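A quick write-up on the structure given underneath.
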């Protein structure tokens, strides 16, 4: 059986596809692809913006310290649902870290992981991310329910959902910064 150039190319192509799909290399390729194609987040149309009705929601940090969402009423809140095994989630983390670094004293950031604490801690350490991550086993407010990750919400001081985005986004964009600055002045 002679190996022609075409046959060698086909074998190499299939090996590459298998490597991308079934190895850690594939995860990195998916993350890179998501970073390239992530766009800027958009605000919801006025008629789509709804006010959060129920602030009675609890979540915990990695040390099991409990937090109540009631404490965040009257503040600009940025909520991101994510996991370390999710390529679009991982793709947007560098831009989220940059945004967090600049706005952590003014905006309440709540990063909620759908993951094991040890996986999250390892991921944060490996990437030098400094934001706090929380976990929720409690029922989410109806307005924050979602079916995919990453899903991100931005709430104004009145509890109105101004942004609801799914998929990887460039959160460190000028557009996002202008929106947060505007919400902080209201």
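The values are calculated or read from the model by the stated rules, or taken from the named source; none is laboratory data. None of the values given here were measured: they were computed from a predicted structure. Glycine gets a Cβ as well: all are built from the backbone with ideal geometry, and neighbour counts include every protein chain shown.
Here are the numbers:
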quantity: Residue count for segment 85-107, restricted to those that are at pLDDT 95 or above, touching a helix residue (DSSP H, G or I) at 6+ places or on another chain (Cβ under 8 Å) and part of a loop (DSSP other than H, G, I, E, B); calculated: 2
quantity: Cβ-Cβ under 6 Å pairs, at least 6 apart or on other chains, segment 32-52 side part of a helix (DSSP H, G or I), far side surrounded by 12 or more Cβ atoms within 10 Å (Cβ to Cβ) and modelled with pLDDT of 70 or more; calculated: 34/87; 34/88; 34/91; 34/168; 35/91
quantity: Residue match in segment 65-74 (condition: closer than 21 Å to residue 145 by Cβ and in contact with a helix residue (DSSP H, G or I) (Cβ under 7 Å, 6 or more places away or on another chain)); calculated: no
quantity: Residue that is more than 18 Å from the chain's Cα centre (by Cα) and either assigned by TED's automatic domain parsing to the domain that holds residue 112 or farther than 22 Å from residue 67 by Cβ (or both), where the choices are 164, 175, 169, 160; calculated: 160
quantity: Residue among 111, 129 that alone is within 16 Å of residue 169 (Cα to Cα), modelled with pLDDT of 95 or more, surrounded by 14 or more Cβ atoms within 10 Å (Cβ to Cβ) and in contact with a helix residue (DSSP H, G or I) (Cβ under 8 Å, 6 or more places away or on another chain); calculated: 111
quantity: Breaking point among (1) over 11 Å from the mean Cα position of the chain (by Cα); (2) assigned to a loop (DSSP other than H, G, I, E, B); (3) without any contact (Cβ under 8 Å) to a residue 60 or more places away in the chain, for residue 118; calculated: (2)
quantity: Lone unmet requirement of (1) surrounded by fewer than 16 Cβ atoms within 10 Å (Cβ to Cβ); (2) touching a strand residue (DSSP E or B) at 6+ places or on another chain (Cβ under 8 Å) for residue 124; calculated: (1)
quantity: From the options 119, 156, residue that is farther than 20 Å from residue 50 by Cβ and at pLDDT 95 or above; calculated: 119
